[in-house]
Amino acid sequence: MQRRISLYTYALMMLALMLTSCDWVSSAFLEDSNKLHDIERFDILQNEYGASGSFSVIQHMNTDFPRETKVLIEDVLSLGAVTDADVNDKLYHCLADTSMLVLMADGEERFGNMEKLNQQFYKAFENLSETLPELPMPRIYAQCSALNQSVVVADSLIGFSVDKYMGTDYPPYRKYFYDYQIESMIPERIVPDCVYFYLRYYYPFPNSEEGSLIEHVIHNGVLNWIAAKALKMNDVEDMLCMPKQERKWLKNNEQKIWTLLDNPVIRNSKDPQLIRTLLAPAPFTPELGEDSPDMLGVWAGYHIVDKYMKQHSKTTVKELLDKKLEELLPR
């Protein structure tokens, strides 16, 4: 009888230990999932597969990086569905292309050490988590996009394309892009771009079909203002890495921008082309002359929000995101 009691007691102790261990593992897993990790070098796997066509490499991509591989195949390279029977062959032929091999090799060499980027991402998302704790901590990876998308976001996944941030002196860019596009294809833009697009993914424009220009300007300004604070940058000019001549133009012509946005026809326009003109990269802003910078709507939106937040200093970031855009309109 004594032996049975001892075995029963032992079994209970083991069960309690197992449950406690499970709780520890569970809490450790949750804690780990809420922590930012180093940038994953998915781009190196791409390079290996393009250079070798090895089955073990594509198996590694599909097994350990299934979401990254799906995004690459379906959204970045547009090769079809990841479930297609011949999709691995399509991916190999794409990555084995001579130009693609050069891009991947150059990207791997240019970004051989990502420690600086890792530290910038750590600080940015640590700051974001303090103001927006509900925002999931992302997994960040590097890829090669065949000069397609700079940044892709899918749920809690951020992928940036090393081949789109090689620097203004990277020779292949001259073949495919205009000067005004190349200006932003620099390593310094990686972290700001990733933070901005991650915020935009979780806090999209409320109604893209009906929004006016000024509403798009302000929504863009909200996201850039939050991103700038997370990055500890003093201004949107720093986030956009604006060259000196553009900053000088802004200093001398600021009133022209506000006059333009005060025009009711411009301000309330829902013309997609006009909205793109003021918010997307371009050679210049047509409404303000050929010597003007582009993306002046981005600059204006940031400063509208910055002025509002200075006047309402007790407003939290979450409250700012929850406000209706018309509440932030300059009075």
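Readers should treat all values here as calculations from the given coordinates under stated rules, not as data from a laboratory. The model shown is predicted, which means the values in this text are computed figures rather than measured ones. Virtual Cβ from ideal backbone geometry, glycine too; neighbours counted across all protein chains shown.
Only DSSP H runs of four or more residues enter the estimate; each adds -39500 (n - 2.57), and after division by the residues of the chain the mean residue ellipticity at 222 nm equals -18000 deg cm²/dmol. Scoring 95-105, 183-193, 308-318 by mean Cβ neighbours within 10 Å over their residues and listing the highest first yields 183-193, 95-105, 308-318. Evaluated with a Cβ-only charge set (Lys, Arg +1; Asp, Glu -1), the chain carries a dipole of roughly 980 debye about its Cα centre, given to the nearest 20.
Taking only the alpha-carbon positions of the stretch 72-152 and ignoring solvent, what does the Debye formula give for the base-10 log of I(q)/I(0) at q = 0.14 Å⁻¹? Here the Debye-derived log intensity ratios amount to -0.66.
Looking at this model, which pairs from Lys251/Lys310; Lys70/Lys324; Lys35/Lys318 are more than 26 angstrom apart at the alpha-carbon? Violating the 26 Å limit, Cα to Cα: Lys70/Lys324.
Here is what passes the span test in the chain: the DSSP H helices with alpha carbon length of 30 Å or more along the helix axis and a Kyte-Doolittle mean of 0.0 or above are 2-33.
Note on Lys307 and Asp271: with the Förster distance fixed at 22 Å, the Cβ-Cβ geometry gives a FRET efficiency of about 0.25.
Annotation: the antiparallel percentage among DSSP beta bridges lying fully within the chain is about 35.
Take the chain, connect every pair of alpha-carbon atoms lying under 10 Å apart with a spring to form a Gaussian network, then pick out the residue of Ala146, Ala227, Ala81 with the largest mean-square fluctuation. Ranking Ala146, Ala227, Ala81 by mean-square fluctuation puts Ala81 first.
Above 32 Å, the calculated P(r) of the chain contains 41 percent of its Cα-Cα pairs.
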